[in-house]
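Notes follow the structure.
The numbers here are math on the coordinates, done by the rules we state, and not lab data. Predicted, not measured: the structure shown is a model, and the values here were computed from it. With ideal geometry, Cβ positions are generated from the backbone for all residues, glycine too; neighbour counts draw on all protein chains shown.
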Amino acid sequence: MSKQPTIVITGTAGFIGSVFVQYLNQQGFTNLLLVDDFGVEVKRKNWEGKTYTKVIERQAFLAQLNNDDFDIDIIIHLGARTDTTEFNYAIHEELNVAYSKLIWDYAAQKQIPLIYASSAATYGAGEHGYEDSHSIVAQLQPLNPYGVSKNEFDKWALQQNSNGSTPSFWTGLKFFNVYGPNESHKARMASVIFHSFNQIKETGVVKLFKSHRPEFKDGEQLRDFIYVKDLVNVIFWMMQQMLAKSWSSKNNGLYNLGTGQARSFYDLAANTFIAQGLPPNIEFVDMPLDIRDKYQYFTEANMQKLRAAGYDQPFTSLEEGVKDYVTNYLVPGKGC
């Protein structure tokens, strides 16, 4: 390999960031600058054991950006506050909007490619569908402060795009429901698969939320679930296109990142049993009041835009993804 690019990855103490760093290592990339708030010990295991050039705290990274201390080839900005039950918007404003603006401005000034994490939470209840068109972004009505913060940054990024104040290449990826290894630290926000596996181990029963809308049966709430391995494949492909300057600036913008197929929470839980050779044993409980009126009952990514940009790899089916996650990560007791 020729001289390795310097890749900045934020959010590397978290779920997707830590998986992406591991994937980069597997592809031979080690000139990595890992950025996050590393003070919580339970998060540290998600980046320990990885090969990288430097680990730096978020605030120190931002301070050093101002001093122009880095020679960066691309930034993968995955750092965010992702808790949909955190209703203090000031926290989301700081970590998801203000932080992202600082990174964007630096990338624009230095003409460094930037890939950042947006979210399907921006779509709210789906009144405007799930198409990653720039024309609907200003009309979207997210259901929680997390979704609002992600949409506010998307709107701001599109304004910069209109003004020509952008990185050389940029994309905002609207992650749908991501699951897979390295999510254990997310606690309540970890995937239904993770919680189902632990409930099966402890009680033999999985409890899912009842539906509180008549058009959806219990357990038949539908989401677009994407395996984290597929998600990092897309980010890596997009990164490679940008580094090779094969990415067209006409392709800059927002992209959905799901599978394009909605599946039920019942399917997710049932396949967690099946992956362990067990018959499904599922009960339904009332949804907590604090999220009941802010809950997405249906999401499904329109994936035409990413396909048109050139990504042609298939996505892992829910059955295959759950089986791999359960049998290769959860069952061995690796705490993933």
Express in nm, to one decimal, how much length is gained between Arg292 and Gln159 on full extension, taking 0.36 nm for each residue of separation and deducting their alpha carbon distance. 44.6 nm
Taking other Cβ within 10 Å of each residue's Cβ, how do Asp37, Asp290, Asp83, Asp224 sort, fewest first? Asp290, Asp37, Asp83, Asp224
Among Gly253, Met287, Met242, the residue whose Cα sits farthest towards the positive end of the charge dipole of the range 181-296 (+1 at Cβ of Lys and Arg, -1 at Cβ of Asp and Glu, taken about the Cα centre) is Met242
Per the rule of 0.36 nm per residue minus the C-alpha distance, extending Glu319 to Thr30 adds in nm 100.8 nm
Rounded if a/c is under 1.5, else prolate if a/b is larger than b/c, else oblate: which is the range 66-116, with a ≥ b ≥ c the root eigenvalues of its Cα gyration tensor? prolate
Efficiency of FRET between Gln59 and Thr327 - r from beta-carbon atoms, R0 51 angstrom, step 0.05: 0.80
Using 0.36 nm times the number of residues separating His134 and Lys50, minus their current alpha carbon distance, what extension gain do you get? 26.6 nm
How do 196-203, 230-237 rank on mean C-beta neighbours within 10 Å, highest first? 230-237, 196-203
A convex hull over the alpha carbons of the range 211-336 yields, per residue, a volume in Å³ of 154
Simple SL model, points at 7 angstrom along Cα→Cβ for Gln4 and Lys250; separation in nm is 3.5
What is the dipole size for the range 142-204, taken about its Cα centre, with +1 at each Lys and Arg Cβ and -1 at each Asp and Glu Cβ, in debye to the nearest 20? 40
Residues meeting the amide H criterion for Glu283 (H placed from the backbone, H to H distance under 5 Å, 5 or more places apart or on another chain) are Val206, Lys207, Leu208
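Taking the Cα centre of the chain as origin, work out the dipole magnitude from +1 charges on Lys and Arg Cβ and -1 charges on Asp and Glu Cβ, in debye rounded to 20. Before the final figure, lay out each step's value.
Working: 31 positive and 36 negative charges, 91 e Å.
For the chain, the charge dipole is close to 440 debye.
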Within the chain, the percent of DSSP beta bridges that are antiparallel, given to the nearest 5, stands at 5
Scaled by the rule-of-thumb 2.2 N^0.38 Å, the alpha carbon Rg for the chain gives a ratio of 0.97
Karplus (6.51, -1.76, 1.60) ³J(HN,Hα), θ = phi - 60°, over the range 206-220, in Hz, Gly and Pro reported as x: 10, 9, 10, 6, 5, 7, 10, 10, x, 7, 10, 6, 4, x, 9
